[in-house]
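The values are calculated or read from the model by the stated rules, or taken from the named source; none is laboratory data. Because the structure is predicted, anything quoted here is derived from the model rather than measured. Glycine also receives a Cβ, built like all others from the backbone with ideal geometry; neighbour counts cover every protein chain displayed. Ligands, DNA and RNA are excluded from the accessible area calculation, which covers all protein heavy atoms including side chains. Shrake-Rupley method; radii C 1.70, N 1.55, O 1.52, S 1.80 Å.
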Amino acid sequence: MRSYKSTMATPIRLLPREKRERRLEEAGYNVFNLAAEDVFVDLLTDSGTGTMSDAQWAAMVRGDEAYAGSRSFEQLREAVSEVMGFERVVPTHQGRGAENVLYGVLIGEGDVVPNNTHFDTTRAHIAENGGDPVDCPIESADDPDAEGAFKGNLDVESVRTIAEDVGAERIPAVVLTLTNNSMAGQPVSMANVEETRELADELDAAFVIDACRFAENARFVQQREDAHADRPVAEIAREQLSYADALVMSGKKDGLSNAGGFVAVRDPDLFERAKQRAILYEGFPTYGGMAGRDMAAMAVGLREAVTGEYLETRIRQVERLGERLREEGVPIYTPGGGHAVYVHAGRALPEIPLKAFPGQTFVCELYREGGVRGVELGSFAFPGTDRPELVRLALPRRTYHDEHLEHVVESAKAVMDRHVTDGLEIVAEPDNEALRHFSAELRPR
């Protein structure tokens, strides 16, 4: 049962098919280049696109926009302390700003950084600082059909093998992403968090958690890990973060806000270095690229995110979308994740070879059929890797309703029923290949 009611409505429109086809061509077959007003159901991301609560909007009205010593920063710091257990907080304009700040002071030339699976901006920031980002998912993670309650886990033994090969001194940090966004939003168990803490101690490395979806991960721990079944989500969330030395956070996810992020650390020396880098790239350490009103909204959102009522509604909606897609024969990654459903485009469009980007083709066809925008997280977004051809349908929080989900299902089924055989080829891309999916242009082959 939905735990909220709508008190504001935004009109949306479905363009006629011929206009959608024209917009797609004008966008270079890259849906990042589409105007939002030309999208009917926007599942490109759940980052900053959700609906804030009345309590968050009320907090924004009272936001303190002081450059230094903002009251709103103190509210955010207190919320991070209460909900996440970290006292030292450096605000940033969003999650990638937090990555720039933290990895800019942790990572150097020749370093190796293992992660259960790096997200695109995480990978790019580590590489930008001279590091080598290495994915270490568990074996079953690459199999969309494999059973497993926690397919987002880090393969701890793989990291030990890497340390033996390159030397532990070259591993300054081990990163754990909760939930594992690039691996179909799969959760990480509490046991794996503890194992990662032990591993970091063995290597004398910092243990960093990408906490963007920490609350959703805690809900999965409660549901799937017997030892924690009777504990409140808020308590689980705080414990899973207690093992980390540092956090990077996009408040646009489980901060339930439209903007902002932060770095949180335990070590006072690291805190000082992070603050100095934040001054250079983000802003003064008591606003860090955020307006006071956004810090105030995030402070409220962090507390809302760890309530059982919110999480039940949030995760159940994602589950329903996955169930309906499977009922209509659309292949998806299972089990479902917390924030998105991942369509296996390689199976949905089996006649399109890998070099013709079946994932990106599915994304474009989904828009052509129903004005639905998703995002490819396969060979187009992650060149040079062997990840499956997945298309992420990320649900903004508290935004869409059942009729919108049904439209998504109908559109996806229509793509498969058309038996698409023509893929895409790249005609223009940026020098930074790791981020090409944001701006590259393509055309039908």
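Quick notes on this one:
- Cα gyration tensor shape for the stretch 142-269, rounded if a/c is under 1.5, else prolate or oblate: oblate
- Between the residues 92, 130, 104, the greatest Cα displacement towards the positive end of the dipole of the stretch 64-157, with unit charges on the Cβ of Lys, Arg, Asp and Glu, is found for 92.
- Å² of accessible area per residue within the chain, as computed with a 1.4 Å probe and no ligands counted: 39
- Here the label points at residue 406 and residue 32, each 7 Å from Cα along the C-beta direction, are separated by 3.5 nm in the simple model.
- Among the GluC sites (Glu not before Pro) within the stretch 66-118, those in coil by DSSP and having at most 10 neighbouring Cβ atoms inside 10 Å are 109.
- In the stretch 299-335, the GluC sites (Glu not before Pro) that fall in loop regions by DSSP, at most 15 other Cβ within 10 Å: 328
- Residue 389 sits among other residues whose Cβ lies under 15 Å from its own Cβ, and their net charge, with Lys and Arg +1 and Asp and Glu -1, is -3.
- Other residues lying with their Cβ under 15 Å from the Cβ of residue 305 contribute a combined charge of +1, Lys and Arg counting +1, Asp and Glu -1.
- Filter on 19/413; 5/413; 253/413; 19/252 - keep pairs with C-alpha separation over 25 Å: 5/413; 253/413; 19/252
- Using Cβ point charges alone (K and R +1, D and E -1), the dipole size of the stretch 289-445 about the Cα centre works out to roughly 280 debye.
- In loop segments of the stretch 53-138 as defined by DSSP, the chymotrypsin sites (Phe, Trp or Tyr not before Pro) with at most 14 further C-beta atoms inside 10 Å of their C-beta are 67.
- Computed about its Cα centre, the charge dipole of the chain is approximately 1700 debye, with only Lys, Arg, Asp and Glu carrying charge at their Cβ.
- Global form of the stretch 41-114, assessed from the alpha-carbon gyration tensor, a/c cut-off 1.5: oblate
- Our helix-only sum for the chain, with -39,500 (n - 2.57) per DSSP H run of n ≥ 4 divided by its residues, gives a mean residue ellipticity at 222 nm of -12500 deg cm²/dmol.
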